[in-house]
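The values are calculated or read from the model by the stated rules, or taken from the named source; none is laboratory data. Since the structure is predicted, the reported quantities are computational estimates derived from the model, not experimental observations. Note: ideal-geometry Cβ built from the backbone for every residue, glycine included; neighbour counts use all protein chains shown. With ligands, DNA and RNA removed, areas are computed over all heavy atoms of the protein, side chains included. Shrake-Rupley method; radii C 1.70, N 1.55, O 1.52, S 1.80 Å.
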Amino acid sequence: INAVTGISSVMLKSEEDPEKKKDIFTIQMAGQRLFSQIEDILDYTEIDNEKVIVSEEAYMISSIVNDVISENHVQEREYMPELIFDLDAAMPAVFLGDGKKIKKILRHLVNNAVKFTKKGGVYVRICALRKDYGANLCITVSDTGEGISGEELEKITEGFYQTDGGRSRGAGGLGLGLPIVSGMVSCMEGFMQIRSETGKGTVVSVSIPQKVADDKPMIALNNRERLCLACYLKTEKYETPEVRDYYNETIVHMIESLDVSMHRVFCMDELKSLVAVCRITHLFIGVEEYEENREWFEKLAGEARVIVVADRNFVPMPGTRTKLLKKPFYCLTIANMLNAESEQDEIQFAE
């Protein structure tokens, strides 16, 4: 499998024909899926035989989140739900624990939620509760998917059990995601809780005790006192009410954990009134909001940073003065963008 995926990667770099590139990419994705399934079988076997070895090494949860997001972007899916990551920026920068298993747990929880959510969204909340021994790393993944019945919930940890053979085969995978998560969390002396109802989605929460290697905040803004942020997002455009709640919670948590000023508006009249009385440095808007009032936003972009939050396949208008921020909309990418601009401004000022 390594040979197939490796050779296909080399071929992708040199192939210019679009149709052939698409076929090679399909081969590569199939190889990666098979590789993941083999890894799942090995992980499950270790858990089942009680031979799991938990390592202790320094790792950054921000890097793990970035990797999981990147993996989701390259996967081919018939439908991609709204994927929202809500990270507590005040979490410790570096934990001490088994980062590889933490990554597998997060990957399984996100992939499982995305796989069975055909409408709406997936909300990933990651935070840390301080303890004498360090912190409890808390990961909660909520979705608006198919849900799991009470009878099926009791069988989740029974190994190769699948809630519906036809459904699981259609979505891919071996049905090992949640059993592996349950086993790994248990091996790290944590716990997992599942709340679900058929047709109303699922909420999976895990709490894992970890030591702290670096206690400074995971994300911090440079010169935040100079920033005045605004967000214009019409949440009513989302048909599923839960998705509106996901975005609202994410923005509230982001403001609190970054300790930054951010104004929220829900219509153009509110935004125009805000701009008239307040010197906005950065405005975050959705694609639909931008396209409805493109000329106004392009004009505003001459006075403030206007950032359009868009899906991966969105192509900005040639010559636009706005900036593009690829989804998901979460504090890490926003902080990186703001800090990069701050550093550039300092260099220009020094010059």
field: Unmet criterion (only one of (1) under 14 Å from the mean Cα position of the chain (by Cα); (2) within 30 Å of GLN28 (Cα to Cα); (3) of a type in the set (D, E, K, R)) for GLU146
entry: (1)
- prompt: For the stretch 171-185, does any single residue satisfy the condition of being out of contact with any helix residue (DSSP H, G or I) (no Cβ under 7 Å at 6 or more places or on another chain) and modelled with pLDDT of 70 or more?
  reply: yes
message: So, SER273, is that one surrounded by fewer than 17 Cβ atoms within 10 Å (Cβ to Cβ) and modelled with pLDDT under 85 or not?
response: no
message: Taking the conditions exactly as written (among the polar types (S, T, N, Q), more than 24 Å from ALA89 (Cβ to Cβ) and open to solvent by 30 Å² or more (accessible area, probe 1.4 Å)), does THR240 satisfy them or not?
response: no
message: So, in the stretch 295-323, exactly how many residues are charged (D, E, K, R), closer than 30 Å to ASN72 by Cα and surrounded by fewer than 18 Cβ atoms within 10 Å (Cβ to Cβ)?
response: 4
query: Among the helices (runs of 4 or more DSSP H) contained in the stretch 1-81, which hold 1 or more residues that are farther than 22 Å from LYS103 by Cα, at pLDDT 85 or above and open to solvent by less than 70 Å² (accessible area, probe 1.4 Å)?
result: 2-14, 18-48
task: Please name all residue pairs, on different chains or six or more residues apart, with Cβ atoms under 8 Å, provided the first residue is in the stretch 259-285 and is under 24 Å from ASN223 (Cα atoms) and the second residue is exposed (fewer than 13 other Cβ atoms within 10 Å of the Cβ).
output: HIS263/CYS278; THR281/ARG226
